[in-house]
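Structure first, then comments.
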Amino acid sequence: MKKIYLTLFAFIAIVLTTNVNAQTNVTSSGMSIQGIARDETNAAIANIDQLALVFTVYYLGTGNSEQTILTKTANVKTDNFGVFSYVLDIDQLQYNQINTQSAYLKVVQGSVVFSNEKLQAVPYAIFAQNGVPTGSIMPFIGTVAPNGWLLCNGSTFADNANTANLKALLGSTTTPNLNGMFLRGTGTAASGKVGPALKAVQQDDLGQHLHSVNLTTSTNGLHDHSNNSDYNRALKYDGAATANSTDTSNNTTEPNLYSSKQIVGDGNHNHSVSGSTGNTGITETRPINYGVNYIIKI
């Protein structure tokens, strides 16, 4: 069999769907690879139905060791000019690795390496696939984060080249725990309201306010009961007869009213009233809200 040489052209292809609102969403994506198969005389190898090739995308790690991002074995077909085409499927995690590393594409047939070239530029499509940069946080109504995202639930993520940018932003390999939390802008607003420091948690609090109770009764309390009043006399009961309220004698043989000591006058005074309301409310002060999970972009 003649030795085959390949001339390769590779580029990123993003397959889009459009909804009724003319918004585009990524449904699938891949690296479109086109090449020309040639023999040692530089003649095109035309009309081959089953040309078995192994495609590998990798980056160089410590000691220039190959760190595989993805690998795929496929049978391609050449046309009348020896041209073949193949789309190498790439998911979001693999896109992130290609985005953050100097990636290479290697094509092998059997034990022969036909092409091993560095991807010269990362196409804009890699950056644009999700439309957001690493570290972006957004609400999400699912319970499992999509590819390229992590749930903001305080969990630990893998420490590798794919997550290096996120780790650098967070300062650790732990996602922020946003369960039960609202997001708020950091810094000081024009109104003087102060948000939390970047990546810091601002605890529950209540704005300063006052509930006052300050009530007193009238100070008009001066009064007494004069000796000249029948109501200021004491009844001495020593018999069965009924006393006359106008009887001022000291007759001791029958009930009578006799002069008693004057009741001392009570001066002006007041009665203070103080107290507090009972405990009301629940464990927090909050606006109406809707439950979501937060996710963060890798």
Response to the item:
The simple spin-label model distance between residue 99 and residue 116, using points 7 Å out along Cα→Cβ, in nm, is 2.9 nm
Worksheet item: Given H placed 1.01 Å from N in the peptide plane, which residues other than close sequence neighbours of residue 88 have an amide H under 5 Å from its amide H?
Response: 31, 32, 33
Worksheet item: By how many nm would the segment from residue 189 to residue 87 lengthen if fully extended, with 0.36 nm per residue of separation less the alpha-carbon distance?
Response: 31.7 nm
Item to complete: Would you mind getting me the FRET efficiency between residue 280 and residue 147? Use the beta-carbon distance for r and R0 = 45 Å, nearest 0.05.
Response: 0.40
Discussion item. Please list 3J(HN,Hα) in residue order for segment 195-202, calculated via the Karplus relation 6.51 cos²θ - 1.76 cosθ + 1.60 where θ = phi - 60°; whole Hz, with x for glycine and proline.
Written reply: x, x, 5, 4, 6, 9, 9, 9
Item to complete: Return the subset of 77/106; 106/297; 72/297; 118/167 for which the Cα-Cα distance in this structure is over 24 Å, preserving the input order.
Response: 106/297; 72/297; 118/167
Worksheet item: What is the calculated FRET efficiency for residue 65 to residue 208, with r their C-beta to C-beta distance and R₀ = 45 Å, to the nearest 0.05?
Response: 0.15
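Read the figures in this text as sums done on the coordinates, not as results from a lab. Keep in mind that this is a model prediction, so the values were computed, not measured. Quick reminder, even Gly has a Cβ in these numbers, built from the backbone with ideal geometry, and neighbours come from all protein chains shown.
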